[in-house]
Amino acid sequence: MPVSDDILPRYQRLPGGNGGRPFRCRETHLFFAIGATILIICFGTIFFMPDLSESLRRMESLSRVQKQVRDTAEGFLLPPPPHAEPDAVGAAPPRHAGQIEDPHLAQDRQKLYEKVRSAGGLPPPPLAKPRQGAAAADAPADAGDADNVDVDEPLPAAAAAAVPGAGTNKRALPEGEDSDPVMRQRRDTIKQMMQHAWKGYATYAWGSNELRPVSKRGHSAGIFGNRPMGATIVDAMDTLYIMGMDAEFEEGRRWIADHLDVSKMDSEVSIFEMNIRYVGGLLSCYALTGDTMFRDKALAIAHAMLPGFNTPTGIPYSLVVPTTGRAKNYGWASGASSILSEFGTLHMEFSYLSDVTGEPEYRKKVERIRQVLNGLEKPNGLYPNYLNPKTGKWGQRHVSTGALGDSFYEYLLKEWLRSGRRDTEALTMFRHAIGNITERMLKKSKVSGLTYLAEVQYERPNHKMDHLACFIGGLYALAGVTDKNKDSARYMEIGAEITNTCHESYDRTATKLGPENFRFSDAIEAKAMKLQEKYYILRPEVIESYFVLWRLTGDPKYREWGWEAAQAIERYCRAEAGYSGIQNVDSTSPRQDDVQQSYFLAETLKYLYLLFSDNSLLPLDQWVLNTEAHPLPIRGVNPYYRPHVGD
Ligand code: DMJ
């Protein structure tokens, strides 16, 4: 039974001395015992020393020695950040604003790291500078066809603790300036475009969802509900951060902290849009800065989406009212079905959210969707765009890599990458889906031999591509580089060819901006046919593929094509207070539609900025961009991952 300090005589209390008395007999024995133990240890060490060196000599291969050296070096080279709480060393994420590592220490460590690495002793550094123009996302691993989702493996918390500038909201990314002065100038132009877009919004529509840059007032699309919820602010935040627009970023942060309130969202919002723009945008900001406000807002919004998943199958509805939980599908969607590109574009954000909050519910929701999809028969191996959430049966047999289908395919490959290649089920599904798409939907135009993806309507091809589908050039290339197998080279080729076709769809218009849809027939190729197909609403997909292809191939033509698009946007879309879509890409004096889409700031300008940056800015072997271009860190390799480690 422990004895209370208070009932001991004063001289025996701890800590403290013996009150000047000589040691008592019990204490003398204790000291003697300690001394003897130390002596035994010393003799023991000397005695066993030869055995140790002997066992070292007996090590079977040099690689084992190398591994030991590497492990030791890693521990030495990646110490915990300064001020980390002693019991949390190597385990806790950064906790306090202002925990910035001494830059000199960081530089020394980096130099030492590089030295050891160049001698072959270490794996690539956590924020590796990929080679200019080379296949940054290239990696040797081949996930095979295994169908297991390895999500229970402990997350790399120690890496998160080493993130520089964590929690400070100060840019901790490399500048990413290109060595070519022309590219630097182009990048500056893109930043000025962002400043113009932001300024107009901040001046005339602050807090609204979007800006009307011609009539200079707020605007909201139905997907955001009836309330002003600052969609443009949330969507633009990581672009501001990446471009180093610190004052604007702080301004946006304040609005989000003070006004983004899910308990006020009392009208129908789109679960998909809330996820890709809000949850994705906020999680990106959390990853980049470590500011937990962003994570908590993302969690609150995702939480408010959960009633939308209460269906007999677990396939979520399209719309939910956050305050009441009432949910439903669009009436026009094939007998009130759910839409493939919507329920199939939640996995990355929900999985990552579970990792950073420690709340498994979100991952469970998207795993359920997977399970349902895997259990269904796919007509001709293709995924129709509509699925009834009550019966679990496919609706209309319309298959497309554009509207209604697009980002479902994107998230299969990217979730595999984002999970650090653990989610091999996603890869297996991607391989099957893209294999069947390639076999059944890939076509060549008759005159110019342009490669395109037709849509399929009840087994019949419709020779039309949406602007939205142009992201798939980049996706094919990303698959070709990251998933090494017999199809890799072919996928790389297809990616480049489709991107070329999408460029043609721009090049063949009067404005050099691409139409919303373009068709292929005996009479036309990569051209819009009807007036209703000729609008351009500041969409990013073509530029997105230029960016990905540039990063993966280093072919300078992608930068030139991106610059053509940027100049055309500047010429036809610039308005007094921002940027607007245009109604007819085939007119040299097109009418502006007076809407500055929030994704213009999230995606179009970000992809352009990255296109003219050095590859060290958001390297693709560290980051995966969600379908709204919000970067999410790759698990296990990116120290910005910031997994939850308990309270
Ligand atoms: C964006 O919101 C996303 O890219 C989405 O995946 C598709 N539509 C717009 C941009 O065109």
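Values as computed for the structure displayed
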quantity	calculated
Area accessible to solvent at THR588, 1.4 Å probe radius, in Å²	100 Å²
Total charge dipole magnitude, the range 501-647, about the Cα centre, Cβ charges on Lys, Arg, Asp, Glu only, Debye to nearest 20	40 debye
5 angstrom amide H check on SER338, placed H, neighbours 5+ away	LEU387, ASN388
Exposure ranking of ARG186, ARG440, ARG217 by accessible area [1.4 Å probe, largest first]	ARG217, ARG440, ARG186
Percentage of interatomic Cα-Cα distances in the range 489-647 larger than 18 Å	62 percent
Ranked by how many other beta carbons lie within 10 Å on average, peptides 477-486, 386-395 from highest	477-486, 386-395
Between the range 338-406 and the range 440-462, the alpha-carbon center distance in angstrom	25 Å
Cβ crowding within 10 Å averaged over residues, with 233-245, 493-505, 367-379 ranked highest first	233-245, 493-505, 367-379
In Hz, Karplus ³J(HN,Hα) per residue of the range 224-238 (6.51, -1.76, 1.60; θ = phi - 60°; x = Gly, Pro)	9, x, 8, 9, x, 10, x, 3, 5, 4, 4, 5, 8, 3, 5
Given LYS393/LYS534; LYS199/LYS534; LYS512/LYS606; LYS364/LYS414; LYS191/LYS557; LYS390/LYS530, the pairs whose alpha carbons are separated by over 25 Å	LYS393/LYS534; LYS199/LYS534; LYS390/LYS530
Order by protection proxy (mean Cβ within 10 Å, highest first), peptides 299-305, 414-420	414-420, 299-305
The range 501-647: antiparallel DSSP beta bridges as a percent of all, rounded to 5	100 percent
Per residue value of the accessible surface for the range 543-594 (all protein chains in place, 1.4 Å probe), Å²	37 Å²
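The values are calculated or read from the model by the stated rules, or taken from the named source; none is laboratory data. On a predicted model such as this, the values are computed, not experimentally measured, just so you know. In this analysis, Cβ positions are derived from the backbone assuming ideal geometry, glycine residues included, and neighbour counts consider all displayed protein chains. With ligands, DNA and RNA removed, areas are computed over all heavy atoms of the protein, side chains included. Shrake-Rupley method; radii C 1.70, N 1.55, O 1.52, S 1.80 Å.
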